[in-house]
1. Between a first residue in the range 161-181 that is within 17 Å of GLU267 (Cβ to Cβ) and a second residue that is among the basic types (Lys, Arg) and outside any helix (DSSP H, G or I), which pairs have beta carbons less than 6 Å apart while being 6 or more apart in sequence or on different chains?
2. If you go through the range 62-83, how many residues are farther than 18 Å from LEU298 by Cβ and within 30 Å of the chain's Cα centre (by Cα)?
3. Search the range 25-66 for residues being assigned to a helix (DSSP H, G or I) and of a type in the set (Phe, Trp, Tyr), and hand back the single one that is least open to solvent (accessible area, probe 1.4 Å).
4. Among the residues of the range 94-107, is any surrounded by fewer than 14 Cβ atoms within 10 Å (Cβ to Cβ) and small (Gly, Ala, Ser)?
5. For PHE83, work out the one condition from (1) surrounded by 11 or more Cβ atoms within 10 Å (Cβ to Cβ); (2) over 27 Å from ALA304 (Cβ atoms); (3) modelled with pLDDT of 90 or more it doesn't fulfil.
6. Report yes if ALA119 is within 30 Å of GLY200 (Cβ to Cβ), at pLDDT below 95 and open to solvent by less than 40 Å² (accessible area, probe 1.4 Å), otherwise no.
7. Filter the range 67-80 down to the residues that are open to solvent by 80 Å² or more (accessible area, probe 1.4 Å) and at pLDDT 90 or above, then identify the one that is farthest from LEU294 (Cα to Cα).
8. State yes or no: is ALA217 without any contact (Cβ under 8 Å) to a residue 12 or more places away in the chain and more than 23 Å from LEU122 (Cα to Cα)?
Amino acid sequence: MADPGVGATTLLEAPVARRASGSRVDTAGLGVVRALGFVAPALVLIGVFLIFPALWTLYIGITNYRLTGPASVSPQVVGFSNFVEALNDALFGNAVWLSLLFVVGSAVIGQNLLGFALAWTLRSVRPGLRRLVEGLVLLAWILPGVVVAYLWIAVLDRSGGTLNALLSTPGTAWLLQYPMASLIVFNTWRGTAFSMMLYGSALAAVPPSQLETARLAGAGSVGIVRDVVFPHIRGHVLTNTLLISLWTFNDFTPFLLTAGGPNHRSETLPVFIYQQAIGGEGNGRLGYASAISLLLLLVNLVMALVYLGLLRRRQS
């Protein structure tokens, strides 16, 4: 009489054998054609709105394509001259430096610290007050950029601005005298909501018993955060820093407040690209602006690789 366990073992080992031999296993039973039919719409959207624009930008970046004039009809391939010109352009270097300052000041430091401080503080307040504060912080994040920029222009206005009224400093033109400082404070205030929500979720996973043990051992707030909380949320810190850094580096909202002025003192890289392509300073040099866009993409990739490397090192 055959052993029933042998047949069951054979049936269980058959899929494993097929996988080990390299054959494809269709777990859902859809078949290749129907499976491709499900993913085809997503692939089409990715191709139309991501791959094609990237390839088109790459092509335009090696031409002298302009918004108007003969070069708009029949652009000529100029090779890497646009990239060489950008690397030798003092305004491009200024834009890169201001973008890095904008990212470090408003994202890496500002949003990270303020978001964590809010999440840490709101853990111990009453639910009603916590929901009120979270709603106000989220309101700054979900409002359209044009609306938020208009509100801040009203706050920082030279003649009737709210900030001058509060500080008794009439006539101070904050956006003209301190353009980058104003943009850093503005972006910190506007983008803190994401960091607050992410750190709020991360702090909920910290074991309360460890926090209580640290308090009983006499550790202060700084020691608890450094020795107990941070080891648990280190991965969340890296993820949050990566996301907000990329968003801030590509943010075009500063144009709504200062338009890159005065005298290029707040011209971040996205604003510089716009000025070269459409804004008038570059006379519609779409080819040159596309080359700078590719350099911007490379900077984003470098930032992402650095943060991902740090994340992998932590996991290993």
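1. Taking only residues 6 or more apart or on different chains, the pairs are PRO179/ARG265.
2. 4
3. TYR59
4. No - not one qualifying residue is present in the range 94-107.
5. (2)
6. Spelling it out, ALA119 is indeed within 30 Å of GLY200 (Cβ to Cβ), at pLDDT below 95 and open to solvent by less than 40 Å² (accessible area, probe 1.4 Å).
7. Taking the range 67-80 first, the residues open to solvent by 80 Å² or more (accessible area, probe 1.4 Å) are 67-68, 70, 73, 76-77, 80.
Keeping just the survivors that are at pLDDT 90 or above gives 76-77, 80.
Values: GLN76: 19, VAL77: 16, PHE80: 12 Å.
Among residues in the range 67-80 that are open to solvent by 80 Å² or more (accessible area, probe 1.4 Å) and at pLDDT 90 or above, the one farthest from LEU294 (Cα to Cα) is GLN76.
8. yes
The values are calculated or read from the model by the stated rules, or taken from the named source; none is laboratory data. All of these numbers come straight from a predicted model, not from anything done at the bench. As a convention, Cβ positions derive from the backbone with ideal geometry for all residues, glycine included, and neighbour counts pool all protein chains shown. Side chains are part of the model used for accessible areas, which takes the heavy atoms of the whole protein and leaves out ligands, DNA and RNA. Shrake-Rupley method; radii C 1.70, N 1.55, O 1.52, S 1.80 Å.
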